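Please read the structure below before turning to the comments.
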Amino acid sequence: MWLQWSLLVISVASASVLQIDQNLKNIKLIESKFIPDVNVLPADQSININDENWQQVRRFMEDGLPVLEIYGYKPQRDIPFTLIIPKIDVRTIEKPRLKEFMLEHMVPGRAFENYADEDSAAASSSSSSSSSSYGNGNGHKIVFRKLEKSPNNVVWLLNGFQILHRVRINDNLIALAIDGYLGDRKSPYSKRNIQEGSSSRYNEPQRLEMRNSTGNIAHTKNEPILKESKASPLMSFLGSMKSGTKVFQHFLSKSNLTQIMDDGSFTILIPTDNAFQRWHPIDWGFYPFSVQEFTESVLRNHFLPMQKPLRMADVKNMDQMAVRTMGGESVVFRGQPAPNVNNVSIMSDYTLSNGNQVFIITEVLFVSEAVVSKLHQMHKDKETPPLLAFPWFGAQFLSHSFLALERDPRFTQITRFLNNAEIAPHVSGANYTFFVPDDKAFERLGFDKLSDDVMASQRGVKMLLNHFVKGRLYNRDLKDNEVFETIGGGHIKITRNPGSNATSVNNAKIIESEVFVYNLGTMFYIDDILYSHLLREYVIKHKSRTNYAGGNNNGRSSTLGTPTDVEIVPNEFEQSGGTNNGGGGGGGDYSIHDEDFDDEIITPKALPVQFYELPK
């Protein structure tokens, strides 16, 4: 089996090499397997190291380029490179695809040295032709295209994506930031996405709205929002439509296409609302257009850059005509038996005030069951849940988490805890993160011996609530030394071990990350109990009562436990000078000592120390 997989990988790799166009200007540099040297950062003294544009370039290089060295790529300072900085954080890319992703955004050579800025506006007209035959590290062609709003206002596109800005790192290294990412649009690199923030129930809960103790706001990406300074002919047309195209209008208004969609000559294919509705789950399930990066790639494939937009009369009179989309796909127009594109019927047409042509079509192009199924597997966090009436109707995240944990034999203790502690009013609705200790954590501390009454006590509820954080956290949000406030009023500190994937939450290590509870929230499985000191005295009392007869029984330990009808007495009701009935010493399987909790209670820097009045 391993041999078959190895042969398959080799054959696929060989096939990809053969597909590289040998006529590319930089073919020798591509095959040389050189990469830029990260150690040149920063190089140009004119660079402001605090500038967000520079920080974006630095993160791309430092997080991504060292990965290529593992595959035999060698850093080289003397070879020119053009880096394409995508609108995706490198750290969110799936590891098996990181090499492909980095090579897709790295061009050996000066692919765009005639960039149309103040110093080279005169040479910009030749940039497109001189740079069009360069290829990236994967051998895919890089094409630049110039759109002129006016003689003094030029927008450049790189493979259909707008170039947002340029950063010159040194004489041999230039970075171009684009408003998307390059590569296979049908198979997104990242499990995550740029969040949409819509109120639709088919989109995930709003991005991380919890209070963040190390910074009063959540970590969100500073990404430019492109707006039109004047009325857009396309958006004006969509706004005037009473019905039929509202879904397309909604997605387009949230995309990065609004800046360029009126600046060139386009034929625009607009699917009807019913076309999008086809992909809606009937009641609950996965809606592919809740993944914004996928939605934007689909939109790009409905814009067709053309020297002259097609008219309906042209389509009716043609046999067939192939056109390349802005997203890199191909569509075929046919006039017979009725006007259609990719065998999808054209319902109507309209010519915009700027001369661009709109065709209303009956299906969304380049979306199929296979594509949606694959997308679903990558974005389980987008799936909407069925509405549960049990166990807690008003706490859907808690209910679905409970049912998921109940099916897993590793979590019998936490489900017993959830059953007894009344926390549903504190964890109502959705948009939470739950750090879930496994049974071994309970057993190691003796908490599996605690009675249901202790778990349901005020201290038990407080301890359990200290495992919940308001707001949905992903693994990328768990940064070293980050501190979050829990629903129980405590704080949890994240520690990442340099050089490994080990992540700790206070004293507990994360043993399984990102267990998605539909689009309601996230669970992280941990190997210890947080804030366990709140219940440790009950464990000691249980141990003391279990061995009550041991001290007067010639060393033999008694098997008698605490009767079920005997209430456990808190410390304040015990006599301060009483004798130790524990049979001599505090040992045993369930004895707990203060040193076990040295790292449990933390006081983060810049945070006030909080004192809790424990229940009497």
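The values are calculated or read from the model by the stated rules, or taken from the named source; none is laboratory data. Predicted, not measured: the structure shown is a model, and the values here were computed from it. Glycine gets a Cβ as well: all are built from the backbone with ideal geometry, and neighbour counts include every protein chain shown. When the accessible area is computed, the model is the full protein with side chains, heavy atoms only, and any ligands, DNA or RNA have been set aside. Shrake-Rupley method; radii C 1.70, N 1.55, O 1.52, S 1.80 Å.
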Next item on the list: Would you kindly derive the ³J(HN,Hα) couplings of the stretch 236-248 from the backbone phi angles with the Karplus curve 6.51 cos²θ - 1.76 cosθ + 1.60 (θ = phi - 60°), listing them in order in whole Hz, with x for Gly and Pro?
Entry: 5, 5, 5, x, 7, 6, 5, 7, x, 9, 5, 5, 4
Next item on the list: Report, to the nearest whole %, how much of the accessible area of the stretch 382-526 belongs to carbon and sulfur atoms, 1.4 Å probe, protein only.
Entry: 50 percent
Next item on the list: Pop a pseudo-label 7 angstrom from the Cα along the beta-carbon direction at both Arg407 and Asp273 and give the gap in nm to one decimal.
Entry: 3.5 nm
Next item on the list: Would you mind working out the magnitude of the charge dipole of the stretch 385-542 relative to its Cα centre, with +1 at each Lys and Arg C-beta and -1 at each Asp and Glu C-beta, to the nearest 20 Debye?
Entry: 220 debye
Notebook entry, point to check: In units of 2.2 N^0.38 Å, what is the alpha-carbon radius of gyration of the stretch 392-461?
Noted result: 1.08
Notebook entry, point to check: Relative contact order for the stretch 234-380 using alpha-carbon pairs under 8 Å, separation at least 6, rounded to a whole percent?
Noted result: 25 percent
Checklist line | Peptides ranked, highest mean first, by Cβ atoms within 10 Å: ranges 76-89, 294-307 | finding: 294-307, 76-89
Margin query: Please compare each pair in Lys380/Lys470; Lys146/Lys242; Lys254/Lys493; Lys99/Lys254; Lys141/Lys374; Lys87/Lys479 to a cut-off of 28 Å on the Cα-Cα distance and tell me which ones are over it.
Written below: Lys146/Lys242; Lys254/Lys493; Lys99/Lys254
Notebook entry, point to check: What share of all Cα pairs of the stretch 385-542, in percent, falls into each consecutive 5 Å distance bin?
Noted result: 2, 9, 19, 24, 22, 15, 7, 2, 0, 0
Notebook entry, point to check: By how many nm would the segment from Arg168 to Asn419 grow when fully extended, if each residue of separation counts as 0.36 nm and the alpha-carbon distance is taken off?
Noted result: 84.4 nm
Note to self: Using a Förster radius of 35 Å, what is the FRET efficiency between Gln55 and Lys380 based on their Cβ-Cβ separation? Nearest 0.05, please.
What the structure shows: 0.70
Notebook entry, point to check: Just the accessible area per residue of the stretch 385-542, please: how many Å² with a 1.4 Å probe?
Noted result: 36 Å²
Checklist line | Residues with amide H under 5 Å from that of His491, placed H, sequence gap 5 or more | finding: Thr486
Next item on the list: Please give the per residue accessible area of the stretch 304-379, computed with a probe of 1.4 Å over protein heavy atoms only, in Å².
Entry: 51 Å²
Next item on the list: Mind giving me the FRET efficiency for Ser133 and Met235? R0 is 51 Å, r the Cβ-Cβ distance, nearest 0.05 is fine.
Entry: 0.90
Item checked: Integer Hz, Karplus 6.51/-1.76/1.60 couplings in order for the stretch 316-329, x for Gly and Pro -> 4, 9, 9, 6, 7, 8, 9, 9, 8, 7, 4, x, x, 8
Next item on the list: Using packing as a proxy for protection, rank 250-257, 284-291, 449-456 so that the peptide with the highest average count of other Cβ atoms within 10 Å comes first.
Entry: 284-291, 250-257, 449-456
Notebook entry, point to check: Taking the Cα-to-Cβ direction at Ala389 and at Ser451 and moving 7 Å from each Cα, how far apart do the two end points lie in nm?
Noted result: 3.5 nm
Next item on the list: Give me the number: length gained by fully extending Val38 to Val323, i.e. 0.36 nm times residue separation minus the C-alpha to C-alpha distance, one decimal in nm.
Entry: 98.6 nm
Check: What residues have an amide H closer than 5 Å to that of Ile270, excluding those fewer than 5 places away on the same chain, when H is modeled at 1.01 Å from N in the peptide plane?
Finding: Phe359, Ile360, Ile361
Item checked: the stretch 344-355 - phi-based ³J(HN,Hα) in whole Hz, Karplus 6.51/-1.76/1.60, Gly and Pro as x -> 9, 5, 8, 7, 7, 9, 7, 9, 6, 5, 8, x
Next item on the list: Work out the FRET efficiency for Asn354 and Glu512 from their Cβ-Cβ distance, taking R0 = 56 Å, and round it to the nearest 0.05.
Entry: 0.55
Notebook entry, point to check: In debye to the nearest 20, how big a dipole does the stretch 234-380 give about its Cα centre with +1 on each Lys and Arg Cβ and -1 on each Asp and Glu Cβ?
Noted result: 60 debye
Check: For labels at Lys74 and Asn153 in the simple 7 Å Cα→Cβ model, what's the distance in nm?
Finding: 5.0 nm
Item checked: Sorted peptide list for 409-418, 321-330, criterion being average Cβ within 10 angstrom, highest first -> 409-418, 321-330
